[in-house]
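Here the structure is laid out as structure tokens; the discussion comes afterwards.
The values are calculated or read from the model by the stated rules, or taken from the named source; none is laboratory data. For clarity, every value in this text was computed on a predicted model and none was experimentally measured. For neighbour counting, all protein chains shown are included, and Cβ atoms are generated from backbone atoms with ideal geometry for every residue, glycine included. Ligands, DNA and RNA are excluded from the accessible area calculation, which covers all protein heavy atoms including side chains. Shrake-Rupley method; radii C 1.70, N 1.55, O 1.52, S 1.80 Å.
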Amino acid sequence: MMHMSMNHGTPVDSIVDNGDGTYTCTVYYAMASAMSGMSMGYWELKVMIGGMMGEAAFLYPSIMMDMSGDDVKAKLQGQADKIAGMGGMAMSRDYYIYNDGATQEMAGTHKVDLFIAAKESMMSFPAVSVSTILNEGDATYELTVSTMLVEVSTNGTDWVSATDAGGSHWTATGLTGLTTDEAGTVYVRLTINGEQKTTNGSAPADDGTTAYATITVTPGAMSM
Ligand SMILES: [Cu+2]
């Protein structure tokens, strides 16, 4: 949870029990602790053992802004797909598409890795994949994800369907148009249950420009 003017949570990857008393979990931060030297608030990571009546440890990591020039994430919004907003008004559901890195492939093409989470409320941003139930039990806003299509492009015209790599991780392979060690633009479209998510929560614009998120990535060299 981030403590700030309005407290909020953030997406997390699935937690892996390493079997030796340690656990591994990636936190996909919604924001940095400080921006341009000004404190935005502070992050609290709570580790619990033995349930609610057990013990808890609190960590307060200071999260730096990403200075690489690449985008950490991009956002798309649902159209009819909504959640409860302020004062009970319906608002578009946000989907966060995190940049998990781009890498050169054997053939000289590139692959892009993404992690995708959805907003249920200010405190809940679960990872999303097929069979995820969002806002479970909420009579108005429950959404079962029965189909999910993630498409990636480097020119906004030619699209590659990303592969579900499990746990809300998606990989688009064979991308042309990116250069290793140079910043490039990747476009991402997201369609859930047949509804395309857009930059403004309205129906996609005729020219298609509101139908994709834009992420700046700098591909790394092929890993050996
Ligand atoms: Cu915050």
Of all accessible heavy-atom area on the chain, the percent that carbon and sulfur account for (1.4 Å):
55
Length gained, SER223-VAL27, 0.36 nm per residue minus C-alpha separation, equals 68.2 nm
Please give the length that would be gained between SER124 and MET35 if that part of the chain were fully extended, namely 0.36 nm times their separation in residues minus their C-alpha to C-alpha distance (nm, one decimal).
29.7 nm
Run the numbers for VAL145 and THR163: contour at 0.36 nm per residue of separation, minus the present Cα-Cα distance, in nm.
4.9 nm
3J(HN,Hα) from dihedral phi, the stretch 13-27, Karplus parametrisation 6.51/-1.76/1.60, rounded to Hz, x for glycine, proline
6, 5, 8, 9, 7, 6, x, 10, x, 10, 10, 10, 8, 9, 9
Average accessible area per residue (Å²) across the stretch 73-217 - probe 1.4 Å, nucleic acids and ligands excluded:
44
In debye, nearest 20: dipole of the chain around its Cα centre with unit charges on the Cβ of K, R (+) and D, E (-)?
380
Ordering of 175-182, 46-53 by burial proxy (mean other Cβ atoms within 10 Å per residue, highest first)
175-182, 46-53
Amide proton proximity set for THR132, modelled H, under 5 Å, gap of 5+
VAL145
Efficiency of FRET from Cβ geometry, ILE133 and MET89, R₀ 30 Å, rounded to 0.05
0.85
Starting with the highest mean, order 104-114, 137-147, 184-194 by the number of other Cβ atoms within 10 Å, averaged over the residues of each peptide.
184-194, 104-114, 137-147
Given the candidates TRP170, TYR98, THR210, the one whose Cα lies deepest towards the positive end of the charge dipole of the chain, counting +1 at each Lys or Arg C-beta and -1 at each Asp or Glu C-beta, is THR210
Expected-Rg normalisation [2.2 N^0.38 Å, Cα atoms] applied to the chain:
1.07
Per residue, the convex hull volume that the Cα atoms of the stretch 2-59 enclose (Å³)
109
If you rank GLU55, GLU151 by how much accessible surface each has, with a 1.4 Å probe, what is the order from largest down?
GLU55, GLU151
When the Cα centres of the stretch 1-59 and the stretch 120-152 are compared, how far apart do they sit, in Å?
21
How many nm is it between the label spots at ASN200 and ALA107, if each spot is 7 Å from the Cα in line with the beta carbon?
3.8
